[in-house]
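Notes for the one structure printed next.
The values are calculated or read from the model by the stated rules, or taken from the named source; none is laboratory data. All of these numbers come straight from a predicted model, not from anything done at the bench. Please note: Cβ atoms are built from the backbone with ideal geometry, for glycine as well, and neighbour counts cover all protein chains shown. Each accessible area value is taken on the protein alone, full model and side chains, heavy atoms only, with ligands, DNA and RNA left out. Shrake-Rupley method; radii C 1.70, N 1.55, O 1.52, S 1.80 Å.
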Amino acid sequence: MAAPRAARPVPAGRPPLVARAVRAVRRMPNPRLTGLGSGLFCVAATVALGCLDRVLFGASLTLYGVLFLPVCVLTGLWVRRGDLLIAPVVVPIAFAVGLVAVAESGEGAGGRLMGLVTALATEAGWLYGGTLLTGLTVIVRRIRLVRRRTARGRPPG
């Protein structure tokens, strides 16, 4: 895990509330996960959220979908530069793995599989939305990376 970034001085003239918020954001951890690490983070987070959802809220699929969106954004933000294209791929896999905890289950393996497929079909909007958020986050990061490299005079890629 990367060490927290050193707090830079906040420019004068900012209101105290904004200055405190800026300092708090700068103190947040900024890990850089490999492709495998981002996949493991995303799967672990969705499974944990799915289990918490089942225990605390009785397996609410909508709540699981809402909690899935911040995981998607964090996965897009925390993947390292060389593995940016992995993030939108691991997010749907993690959604399906975490959904096992909250999907309705019938008797036997067939009932559990039918509950999972039904949950995937009814919660596809959350899946697509999370994948879109991750994709947009990764695209913005990639554009910033290319612009930074071009400004330094190095060829992109």
Within the stretch 54-69, residues of a type in the set (Phe, Trp, Tyr) and open to solvent by 50 Å² or more (accessible area, probe 1.4 Å) come out as Phe57
Residue identified as assigned to a helix (DSSP H, G or I), in contact (Cβ under 8 Å) with a residue 40 or more places away in the chain and on the phi < 0 side of the Ramachandran plot among Leu74, Leu63, Leu69, Leu56 = Leu69
Report whether or not Arg26 is closer than 19 Å to Val97 by Cα, at pLDDT below 95 and surrounded by 14 or more Cβ atoms within 10 Å (Cβ to Cβ).
-> no
Selection from the stretch 70-115 of residues that are in contact with a Leu (Cβ under 7 Å, 6 or more places away or on another chain), over 12 Å from Gly39 (Cα atoms), open to solvent by 40 Å² or more (accessible area, probe 1.4 Å) and not basic (Lys, Arg) = Val73, Val100
Residue within the stretch 31-39 that is under 30 Å from Arg149 (Cβ atoms), open to solvent by 50 Å² or more (accessible area, probe 1.4 Å) and of a type in the set (Ser, Thr, Tyr) present = yes
State whether one or more residues within the stretch 128-141 are closer than 21 Å to Gly50 by Cα, hydroxyl-bearing (Ser, Thr, Tyr), touching a residue at least 40 places away in the same chain (Cβ under 8 Å) and in contact with a Ser or Thr (Cβ under 9 Å, 6 or more places away or on another chain).
-> yes
List pairs: first in the stretch 22-34 and closer than 12 Å to Leu74 by Cα, second among the small types (Gly, Ala, Ser), Cβ under 7 Å, 6+ apart or cross-chain?
-> Pro29/Ala2; Asn30/Ala2; Pro31/Ala2; Arg32/Ala2
Of the numbered conditions (1) open to solvent by less than 80 Å² (accessible area, probe 1.4 Å); (2) modelled with pLDDT of 75 or more; (3) not aliphatic (A, V, I, L, M), Pro11 satisfies every one except a single condition; which is it?
-> (2)
Any residue at all in the stretch 122-129 that is at pLDDT 90 or above, open to solvent by less than 70 Å² (accessible area, probe 1.4 Å) and not in a helix (DSSP H, G or I)?
-> yes
From the list Ala101, Ala119, Ala87, Ala109, which one is in contact with a helix residue (DSSP H, G or I) (Cβ under 7 Å, 6 or more places away or on another chain), in a helix (DSSP H, G or I), modelled with pLDDT under 95 and more than 30 Å from Pro29 (Cα to Cα)?
-> Ala119
Do you know which of the residues in the stretch 137-157 that are of a type outside the set (Val, Ile, Thr), open to solvent by 90 Å² or more (accessible area, probe 1.4 Å) and under 26 Å from the mean Cα position of the chain (by Cα) is nearest to Gly58 (Cα to Cα)?
-> Arg142
